[in-house]
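The values are calculated or read from the model by the stated rules, or taken from the named source; none is laboratory data. None of the values given here were measured: they were computed from a predicted structure. Glycine gets a Cβ as well: all are built from the backbone with ideal geometry, and neighbour counts include every protein chain shown.
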Amino acid sequence: MPLSESEIEQLTRLLAHIYRAIDWRRIRTTKSRYDIWNHRVRAAAKRATLAEFASKLCNFFGVQSLPSEAIALIDALQPNERACLAYIDRNHIHIATKSAVLWKQLTDSQRRLFDEDRDSRNL
């Protein structure tokens, strides 16, 4: 069953949360940040469940935890997770880049909410 627009948007938001959690200063490479992100999104999409996908993607970048909204998105998408993973695998460049751009387009107030959520996790 194909994904709805709402599910694609939720997947994009999930990836944006993971992208945001990455400390890009620690990534030493001559390659583009987007190239690394796209490649690792596709590699993680080979996992059996969406939770495993998110866990593997976080492990690739040394991310230890995610905000509660990201967990809620994983749970919301779980009934259709096989279709979600297939979509990511087939459209990894599109959705990975879209998620990175989404994060950059968030307003400062929205970024503060993301940061506050992340900081509350680290207490």
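So which residues in the stretch 62-86 are out of contact with any helix residue (DSSP H, G or I) (no Cβ under 7 Å at 6 or more places or on another chain) and assigned to a helix (DSSP H, G or I)?
Result: ILE71, ALA72, ASP75, PRO79, ARG82, ALA83, ALA86.
Go through the stretch 27-37 residue by residue and tally those that are closer than 12 Å to PHE60 by Cα and modelled with pLDDT of 85 or more. Break it down stepwise before answering.
Start the filter on the stretch 27-37 by keeping residues that are closer than 12 Å to PHE60 by Cα, which leaves 27, 36-37.
Subsequent filtering for residues that are modelled with pLDDT of 85 or more retains 36-37.
Qualifying residue count for the region: 2.
Which of the residues spanning the stretch 42-85 are loosely packed, with under 14 Cβ neighbours inside 10 Å and either of a type in the set (Val, Ile, Thr) or more than 14 Å from ILE18 (Cα to Cα) (or both)?
If the condition is that a residue be loosely packed, with under 14 Cβ neighbours inside 10 Å and either of a type in the set (Val, Ile, Thr) or more than 14 Å from ILE18 (Cα to Cα) (or both), then LYS46, ALA48, ASP75, GLN78, PRO79, ARG82 are the ones that fit.
Taking LYS56 and the conditions (1) of a type outside the set (Phe, Trp, Tyr); (2) on the phi < 0 side of the Ramachandran plot; (3) at pLDDT below 95, which numbered condition does it fall short on, given that it satisfies the others?
Here LYS56 meets the rest and fails (3).
Test of understanding: among ARG20, ARG33, which residue is exposed (fewer than 14 other Cβ atoms within 10 Å of the Cβ) and in contact with a Phe, Trp or Tyr (Cβ under 7 Å, 6 or more places away or on another chain)? Write out each step before concluding.
Numbers: ARG20 fails: exposed (fewer than 14 other Cβ atoms within 10 Å of the Cβ).
Every option except ARG33 fails the conditions.
Can you list residue pairs whose Cβ atoms sit under 7 Å apart, with the first residue in the stretch 35-55 being more than 13 Å from SER99 (Cα to Cα) and in contact (Cβ under 8 Å) with a residue 60 or more places away in the chain and the second being assigned to a helix (DSSP H, G or I) and of a type in the set (Val, Ile, Thr)? Count only pairs 6 or more apart in sequence or on different chains.
Qualifying pairs under 7 Å: none.
So if I check each of LYS98, LYS104, which one is at pLDDT below 95, over 13 Å from ARG13 (Cβ atoms) and either in contact with a Leu (Cβ under 9 Å, 6 or more places away or on another chain) or in a helix (DSSP H, G or I) (or both)?
Working: LYS98 fails: over 13 Å from ARG13 (Cβ atoms).
Criteria check complete, one pass: LYS104.
All but one of (1) surrounded by 13 or more Cβ atoms within 10 Å (Cβ to Cβ); (2) part of a helix (DSSP H, G or I); (3) of a type outside the set (Ser, Thr, Tyr) hold for LEU3; which doesn't?
Failed condition: (2).
In the stretch 1-25, what residues are among the hydroxyl-bearing types (Ser, Thr, Tyr) and more than 14 Å from the chain's Cα centre (by Cα)?
Within the stretch 1-25, the subset among the hydroxyl-bearing types (Ser, Thr, Tyr) is 4, 6, 12, 19.
Residues satisfying the conditions are SER4, SER6.
When LEU14 is evaluated against the numbered criteria (1) in contact (Cβ under 8 Å) with a residue 60 or more places away in the chain; (2) assigned to a helix (DSSP H, G or I); (3) more than 18 Å from SER99 (Cα to Cα), which criterion, by number, is the only one it fails?
Condition (3) is where LEU14 drops out.
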